[in-house]
Amino acid sequence: MSLTFHWFLPTNGDSRHVVGGGHGTPATASGRDRPPTVAYLSQIARAAEDLGFVGALTPTGAWCEDAWLTTAMVSQNTERLKFLVAFRPGFVSPTLAAQMASTFQRQSGGRLLLNVVTGGESHEQRAYGDFLDKDARYRRTGEFLQIVRELWEGKTVDLHGEHLQVADATLARVPDPVPEVYFGGSSPIAGEIAARHVDVYLTWGEPPAQVAEKIAWIRKLAAEQGRTVRFGIRLHVITRDTSEQAWAEANRLLDGFDPETVASVQAGLARSESAGQQRMLALHGGGRDGLEIHPNLWAGIGLVRGGAGTALVGSHDEVAERIKEYAALGIEEFVLSGYPHLEEAYWFGEGVLPRLEAQGLWKHPFPQVAAAAQVPFAGAGNPR
């Protein structure tokens, strides 16, 4: 088995401090330190490609640049990296979305992955003209994925659903390969949609015991549908040559959190309708004490950032051990990020990936690139 690693494109801006935002909260001022230009995002993408990341997640929402347009431009400056495009199914018709995905596949050489985001915040959805409640949004997502998948199979689709209707819908050219669909959600209806329609179920970085419960839940639901689903996890990383160096960096980030910003972000996130966001908030309770909620799992990011709020923190060996712990539960794909995203990609890629490779848990997906990209950056130490 070779684990799969993806990186993250910070289309909300990057910084040597945590860039907050997400789930209805705006990006923090630190996001202006490194604006999300195509040039800078392409630099991150090329680094990720060289280091052995398979893809890069690009977020969606009012707090960041549009994921479709940004990745379409960045893809032209890379050769092999795939783009895990976060996409909200309620904003465009399913036929148009299927056509967009098909076009992206052809123009990028088959490098599109889709992260379907139903939308957990009604006030943000309403800003885009979507006035359905949360459960209705998930039911619409199910209809959307049914239509899109049938179109990708080359079928002519007629569907008169509760929320979506198409008649005589077809694609002139189907995508090859068909994009894999990634999806996350912690509410009961989210589990139902995942079991019926998705390829990879994503969870945020909860402690292993909670992740194991989620995996068992989705596996059972998928089996009832006669399907199997792969599993991935979304985490930040702070990995260094020694544990002391890594925790010093985590504490530096924590020291940069303005108390007023923390209070404002936490107040906003407390109103979130997302079950996953509420699970993230419960890990730290809005306070600065007890943030190491499992060995090497730090909940500090979630004080100022919505969505994924935990980080693996430690030496390269410690972080590799935590990854092995999640992999033993059934996690096959890891969607990672770190501040700043360029430098942290090198720390992880040069420090942790070689250790996993030495243990037979990972291999570079582009070996010809690996052989040509021996350019040390972060001083990640001897992997042996």
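Data overview
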read-out	value
Residue match in region 155-175 (condition: more than 30 Å from residue 343 (Cα to Cα) and in contact with a Gly (Cβ under 6 Å, 6 or more places away or on another chain))	yes
Selection status of residue 305, modelled with pLDDT under 95, buried (at least 19 other Cβ atoms within 10 Å of the Cβ) and basic (Lys, Arg)	yes
Residue check for residue 19: modelled with pLDDT under 95, crowded, with 23+ Cβ neighbours inside 10 Å and in contact with a strand residue (DSSP E or B) (Cβ under 8 Å, 6 or more places away or on another chain)	yes
Test: residue 48 is closer than 30 Å to residue 137 by Cα and open to solvent by less than 10 Å² (accessible area, probe 1.4 Å)	no
Pairs with Cβ under 9 Å, 6+ apart, first in region 124-145 and within 22 Å of residue 269 (Cβ to Cβ), second at pLDDT 95 or above and open to solvent by 80 Å² or more (accessible area, probe 1.4 Å)	132/139; 138/192
Residues of region 105-114 that turn out to be within 12 Å of residue 88 (Cα to Cα) and either open to solvent by 20 Å² or more (accessible area, probe 1.4 Å) or at pLDDT below 95 (or both), as a count	0
Helices (runs of 4 or more DSSP H) contained in region 24-136 and holding at least 2 residues acidic (Asp, Glu), more than 23 Å from residue 302 (Cα to Cα) and touching a helix residue (DSSP H, G or I) at 6+ places or on another chain (Cβ under 9 Å)	38-51
Tally of residues being within 27 Å of residue 319 (Cβ to Cβ), open to solvent by less than 20 Å² (accessible area, probe 1.4 Å) and assigned to a helix (DSSP H, G or I) across region 255-280	6
Residues that are open to solvent by 30 Å² or more (accessible area, probe 1.4 Å) and not charged (D, E, K, R), drawn from region 355-365	358, 359, 360, 361, 365
Boolean, residue 311 is within 18 Å of residue 362 (Cα to Cα), touching a helix residue (DSSP H, G or I) at 6+ places or on another chain (Cβ under 6 Å) and of a type outside the set (S, T, N, Q)	no
Breaking point among (1) open to solvent by 60 Å² or more (accessible area, probe 1.4 Å); (2) under 23 Å from the mean Cα position of the chain (by Cα); (3) under 25 Å from residue 118 (Cα atoms), for residue 328	(3)
The listed residue being in contact with a helix residue (DSSP H, G or I) (Cβ under 9 Å, 6 or more places away or on another chain), open to solvent by less than 30 Å² (accessible area, probe 1.4 Å) and not in a helix (DSSP H, G or I), out of 211, 178, 237, 174	237
Filtered residue count, region 8-55, keeping only those that are in contact with a His (Cβ under 7 Å, 6 or more places away or on another chain) and not small (Gly, Ala, Ser)	6
Cβ pairs under 7 Å, 6+ apart, first in region 84-101 and within 19 Å of residue 198 (Cβ to Cβ) and open to solvent by 10 Å² or more (accessible area, probe 1.4 Å), second basic (Lys, Arg) and part of a helix (DSSP H, G or I)	90/137; 90/140
Every pair of residues 6+ apart whose Cβ atoms lie under 6 Å, when the first sits in region 158-178 and is closer than 13 Å to residue 95 by Cβ and among the β-branched types (Val, Ile, Thr) while the second is open to solvent by less than 70 Å² (accessible area, probe 1.4 Å) and in a strand (DSSP E or B)	166/157; 166/159
Residue, most open to solvent (accessible area, probe 1.4 Å), within region 157-171, restricted to residues that are aliphatic (A, V, I, L, M) and not in a loop (DSSP other than H, G, I, E, B)	167
Members of region 285-323 that are more than 19 Å from the chain's Cα centre (by Cα), of a type in the set (D, E, K, R) and over 21 Å from residue 263 (Cβ atoms)	292, 317, 318, 321
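The values are calculated or read from the model by the stated rules, or taken from the named source; none is laboratory data. The shown structure was predicted, so the numbers you read here are calculated from the model rather than taken from an experiment. Neighbour counts run over all protein chains shown; Cβ positions are idealised from the backbone, glycine included. Keep in mind that these areas ignore ligands, DNA and RNA; they rest on the heavy atoms of the full protein, side chains included. Shrake-Rupley method; radii C 1.70, N 1.55, O 1.52, S 1.80 Å.
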